[in-house]
């Protein structure tokens with residue numbers, strides 16, 4: 001939510017501005033952290049488009065934008081450039097208007113007395129909790145440049161892995177989409193005309209494949225509106241379901257237990273857990289806070305529950321590996337390597353090696369799956385075309401033979 005505020009600085013000077021915060025109470029807290037006395041605070045009235053124009057809705061900052069900003073910011077901090085000056089310099093180089101406004105807003109908050117982490121927290125839709133926590137740790141430890149470098153490396157690796165996965169699955173997804181489009185076009189335009197010609201010609205002894213095709217085509221064209229409504233309802237119902245706690249848990253559990261695909265998904269989650277926790281520990285984040293942040297970043301409620309249980313175990317004097325070893329979602333290799341890291345005091349180093357292993361495994365699995373899916377799709381496409389041709393041509397041949 002956005003709020004318009006009027007406040008007074010310690011010097012007595014009045015200031016006005018706009019602030020983003022999840023709630024009114026948190027907006028007040030953010031202003032107090034800037035040593036401001038709040039005089040008035042009002043939510044911004046939004047119109048039909050949520051207070052945004054159509055262009056800004058398609059001009060949101062991407063992960064790549066955040067990576068570039070973080071890398072450049074680390075360089076400026078290392079060169080001892082003042083934060084506000086550095087932010088204004090970066091803002092002038094940013095092409096996306098929406099991201100430029102975010103950076104200028106961060107600079108304005110710092111000018112008002114806020115720290116960098118507090119200023120970034122005002123734009124939580126762009127900068128994640130993980131990002132803000134690392135920046136705050138860097139400020140406290142006095143190693144902001146190192147922390148920003150860790151962040152940039154982490155974001156680049158994460159973006160690179162996601163890009164490879166999307167690239168490997170792009171071709172099979174395109175083939176599947178093309179098949180669906182072609183089938184819809186054939187069923188609604190081409191086939192009804194061909195089958196009408198066959199019917200008008202008086203062919204009564206239809207092959208089995210033709211009878212199936214006639215039945216399916218008639219059904220689709222007769223109930224096309226109901227079919228479309230049902231498909232839309234299923235999609236909307238699915239998205240509504242995964243927003244509920246139980247629905248989300250079932251879906252996340254299904255993802256890690258799928259045949260073939262489940263292994264790929266598990267390896268991706270394991271790589272994400274290891275990389276995130278390793279980065280946080282290296283940056284100096286306390287282990288309990290690191291586990292909590294990692295549970296939010298992992299993106300799966302099953303793994304999140306295990307990590308939160310590990311938080312309680314560590315708080316009670318135990319180790320992370322003790323809890324993870326109880327769950328089949330974490331394989332013995334992961335937990336044994338982590339246990340060695342905990343015993344030797346090199347948890348971050350061992351987690352980094354775990355991440356490299358599972359990253360490689362997930363990339364290889366995705367590549368192998370894509371190579372397996374492609375011939376299967378081509379085979380299915382070939383069988384479908386063969387069935388379609390036989391269903392249409394056989395009656396025509398019998399008609400020609402009879403003539």
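Of note:
- Set side by side, the residues 165, 132 differ, and just one is surrounded by 17 or more Cβ atoms within 10 Å (Cβ to Cβ), in contact (Cβ under 8 Å) with a residue 40 or more places away in the chain and either touching a strand residue (DSSP E or B) at 6+ places or on another chain (Cβ under 8 Å) or not in a loop (DSSP other than H, G, I, E, B) (or both), which is 165.
- Screening residue 56 with (1) part of a helix (DSSP H, G or I); (2) out of contact with any helix residue (DSSP H, G or I) (no Cβ under 9 Å at 6 or more places or on another chain); (3) modelled with pLDDT under 75 gives one miss only, at (2).
- Within segment 94-123, the set of residues being part of a loop (DSSP other than H, G, I, E, B), surrounded by fewer than 17 Cβ atoms within 10 Å (Cβ to Cβ) and under 26 Å from the mean Cα position of the chain (by Cα) comprises 95, 96.
- Residue within segment 59-72 that is surrounded by fewer than 16 Cβ atoms within 10 Å (Cβ to Cβ), touching a strand residue (DSSP E or B) at 6+ places or on another chain (Cβ under 8 Å) and not assigned by TED's automatic domain parsing to the domain that holds residue 272 present: no
- Checklist (1) modelled with pLDDT under 90; (2) in contact with a helix residue (DSSP H, G or I) (Cβ under 7 Å, 6 or more places away or on another chain); (3) closer than 19 Å to residue 351 by Cα; (4) surrounded by fewer than 19 Cβ atoms within 10 Å (Cβ to Cβ) applied to residue 286, failing item: (2)
- Test: residue in segment 187-196 that is closer than 30 Å to residue 370 by Cβ, in the same structural domain as residue 270 (by TED's automatic domain parsing), out of contact with any strand residue (DSSP E or B) (no Cβ under 7 Å at 6 or more places or on another chain) and in a helix (DSSP H, G or I): yes
- Total residues in segment 243-274 satisfying the condition of being farther than 30 Å from residue 370 by Cα and in a helix (DSSP H, G or I): the figure is 2.
- Top-ranked residue of segment 325-373 - restricted to ones that are part of a loop (DSSP other than H, G, I, E, B) and in contact with a helix residue (DSSP H, G or I) (Cβ under 9 Å, 6 or more places away or on another chain), ranked as farthest from residue 253 (Cα to Cα): 346
- Of the candidates 291, 277, 308, the single residue that is farther than 23 Å from residue 147 by Cα and either in a helix (DSSP H, G or I) or modelled with pLDDT under 90 (or both) is 308.
- Residues satisfying the stated conditions in segment 374-388, i.e. closer than 17 Å to residue 177 by Cβ and touching a helix residue (DSSP H, G or I) at 6+ places or on another chain (Cβ under 7 Å): 374, 377, 381
- Note on segment 311-321: among residues that are free of Cβ contacts under 8 Å to residues at least 12 places away in the same chain and part of a helix (DSSP H, G or I), the one that is nearest to residue 347 (Cα to Cα) is 313.
- Flag for residue 141 being surrounded by fewer than 16 Cβ atoms within 10 Å (Cβ to Cβ) and closer than 19 Å to residue 285 by Cβ: yes
The values are calculated or read from the model by the stated rules, or taken from the named source; none is laboratory data. As the structure is a computational prediction, the values presented were derived from the model and not from experiment. Glycine gets a Cβ as well: all are built from the backbone with ideal geometry, and neighbour counts include every protein chain shown.
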